[in-house]
Amino acid sequence: MFETRPDRDSEVVLVGRSNVGKSTLMRELTGHTFDTGRRPGVTREPNHFDWAAQDFVISDLPGFGFMEGVPEDVREQTKTDIVRYIEEYADNILVGILVVDGKAAIDIIDRHSGPDEVPYDVEMFHFLQDVGIPTVVAVNKMDKVDDRDERLNELCDRLGLVPPWQQWQDTIAPISAKRGSIDALTEAVRAHLHEQERDDLFQFF
């Protein structure tokens, strides 16, 4: 279990597969650079960023799923640690941001869908909701996607949300973190913060 969490009451977490751009998004949100690996799965511990004056932390949890050169048992342990972390701090987590790669997400989900298999992204989306955490799916790298609406509608369909995606703007946020285009995400996060009477945290989003 991760032991690095600062003693902060309120939290927003970023979760997602390795290499979907979570660290880049974290940098966009906080203005600070974090170690990002060129190889998937380099981040094994969460990156936390907190502000001295505020009882609030943003946490970038390690990537889950396939990691090159990482043994299966380590992969499974990382996933278990992420799940335990979210369960333990569910009451503190105001918003869970599930980051997916807009270009690859549908193919990855379909490849891992079967009678005995639920894709990680779909599983994590439902898990966050099951533990009562408002969830935003940050669909990253949208600058590389041509059929934008079609792709987002397909993603809704895979997550159990009825298309069109436009009716889920508090849940589905198309972004391009590398280009600094994250307005859809910050608006969705703010909507959830507002519902929880935490407009004081708008300054971070």
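For segment 166-185: of the residues being outside any loop (DSSP other than H, G, I, E, B) and open to solvent by less than 20 Å² (accessible area, probe 1.4 Å), which is nearest to Lys144 (Cα to Cα)?
Ser176
Residue check: is Leu161 in a loop (DSSP other than H, G, I, E, B), aliphatic (A, V, I, L, M) and open to solvent by less than 70 Å² (accessible area, probe 1.4 Å)?
In short, yes.
I need the full set of residues from segment 186-199 which are part of a helix (DSSP H, G or I), in contact (Cβ under 8 Å) with a residue 24 or more places away in the chain and open to solvent by 60 Å² or more (accessible area, probe 1.4 Å), in order please.
Within segment 186-199, Glu195 is the sole residue that qualifies.
The values are calculated or read from the model by the stated rules, or taken from the named source; none is laboratory data. Please read these numbers as outputs of a predicted model, since none were measured by experiment. Backbone-built Cβ (ideal geometry, glycine too); neighbour counts: all protein chains shown. The protein model used for the area step is the full one, side chains on, heavy atoms only, and it has no ligands, DNA or RNA in it. Shrake-Rupley method; radii C 1.70, N 1.55, O 1.52, S 1.80 Å.
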